[in-house]
Structure formats: structure tokens, C-alpha cells
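Encoded as C-alpha cells, the structure appears first; notes follow it.
Readers should treat all values here as calculations from the given coordinates under stated rules, not as data from a laboratory. Everything quoted here is computed from the prediction, not taken from an experiment. Here the Cβ positions follow ideal geometry from the backbone for every residue, glycine too, while neighbour counts run over all protein chains shown.
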């Protein structure tokens, strides 16, 4: 459709504009700029020559203004370029009001994260771009980050800006570094890999490999009906390899549970990795007495006795039963103990 006929059609369809004495002359003389506006027809006509037949695409104007919005803007301004950095900053941390650490932290001493926020290791000039938050806990939060140099995602554990959490996180870094480099350099014993650690805005940040769902979520996906015996055997053997390595290193995990065992689906068949060494300690430095999660707590910890790496084996037994049954094996018994029954 030609430009002149388009204007005439618009004037015929809008008689109220031509009836106005003040606007008739201006509306009839106005012509759209060809750079910014082009006549649009909802039907794309095809060439009548059979050799040049092509598919006729019918797309409403709204679809073009959404899917092709960048191209539309470039028609209006050839210099327009899109960048994710121009997006509005969507908060990922809740609450998101900056009250501590010069406005960087919220009331819980968590670093306030937004989409595309950059965590920077200034020592090696490495940038980790936050894309989402994977979880939050008493220690802080875990963010899913993009690393351009690696062309892949990683998980970054951002510790609360509190001295006690900071010191315990340093212990976690030391333990994982020892396990990864000294005892499992070839990554064959199902311990999560630590890539980097640094301080950003007074927060200790620990960079891990990115894994998938944990075993509790897997049980939940199966409607708490339990997993097949072959799957239970596969995962049990892999957890045992990790615990055997930790025993050789003299490390007690202290919080082994399905939520702290994650799947790695990047390999076939899927493998598991033991994560969250935030409560871990060395066997010759058992400081805390209140350890292990409720349904996986060993008898010696319940009674306040001295404990060793054997408490992780007790937790493993509870986990294996839960994988097969789909529910906690000592749920009612533990409730009686904690209720004084």
C-alpha cells in the first residue's frame, strides 16, 4: 500500500478529525517520516511468480511490538542498542531495604542482591554476575551467577556480614580446600568442588560448582513413595565413598541430610555431591554439642557424649531408609524424645 493512499484511508476512517476547523489543514498536510514510521499491512503479499513463492505470515501489530520491540526501536533510532545493564534492577533479597553496611545490607546483615549485580574478586579481577537466588538460610544466601570467562554458571554462597558466620565460613573453605586438593584432586569421591573465595562488601563469598536438585526434592517429586532399590543402591554407594574420604581426612560433616546431597545431571548416570560443610569440623576439634538435623541426629549427640565421624554414618543410615521408604524412619520416636515422652 502506498503512503498517499494510507493517509487518505486514515482521513476517511476518522471524519471527526477533518471536521475540526483547527486540525483539518494540519492533519491533511502531515506526512510520517519514512525513517521512523512505515505503513503496516497485516498481510504480507506474495510474489505471483511461482518461482518466488513464500509463506504468508500474518502477525498482529501487538505481536510485532513485543517480540520485535528491539527492531522497532532501531527503526526509530538506528543508534539504539539493547543491553541487559539497562534493565530495571529487580531485587532478589528480601527484605530489600538497605539499613546496614552503608546501605549494602538489609536488617538481617544479608547483602542486598539484584538481577545482574556483580560480585567481584578484586584480587584476580573475576566478576560473577548474579542471575537468581537459589536459597537463603541462617548463614546467608546462595546465588546463581554467570561467569563470562568460563561460559557457565556457578553457585556463590554469600555469608552474612557477621563475625561468627565469617569465621565459620573460613573453616568451611579450609576443609573443602583440603578435601578437594589433597584427598580428592581428581573429583571421584562425590564432594562438592570449591572454585574460588573472596570478600565483597565485607561479605565472604564462596564459589562452588552449580548442581541440581537435592535428594529431598527428588523424594518429593516422587510423591514421597520412595525410590527404586537400584537408585537407592547407586546413591548409597556414592555417599559412602564421600564419607570414607572424609574419615580418611578426619572430617566430620555434622549435618548430613537429603537436603545437603545434590544431584549432578551433567554426567550419565547422574551422580550425587555432598555439600554444605558450614557445620563441619575436624575430628580432633569437636567444639559444638548441638549439631546435626533433628531426624538424622545420632544417639551420642542426643546424649551429649563425645562424637566422631561415626555420627555421619548414623545420618547415612537414616537417609538410605528415607530414600527407600519416602519418609523419616525415626519421625515418631524423635518427636517423643523432644516432647519429653
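Assorted remarks:
- Each principal axis of the Cα cloud of region 220-341 was evaluated for its coordinate range; sorted largest first, these ranges are 41, 37, 19 Å.
- Peptides 190-196, 159-165, 257-263, 91-97 ranked from most to least packed give 257-263, 190-196, 159-165, 91-97, packing being the mean of other C-beta atoms within 10 angstrom over each peptide's residues.
- Here the residues 158, 112, ranked from fewest to most Cβ neighbours within 10 Å of their Cβ, fall in the order 112, 158.
- Whole-Å distance, taken between Cα centres, linking region 184-249 and region 127-176: 16
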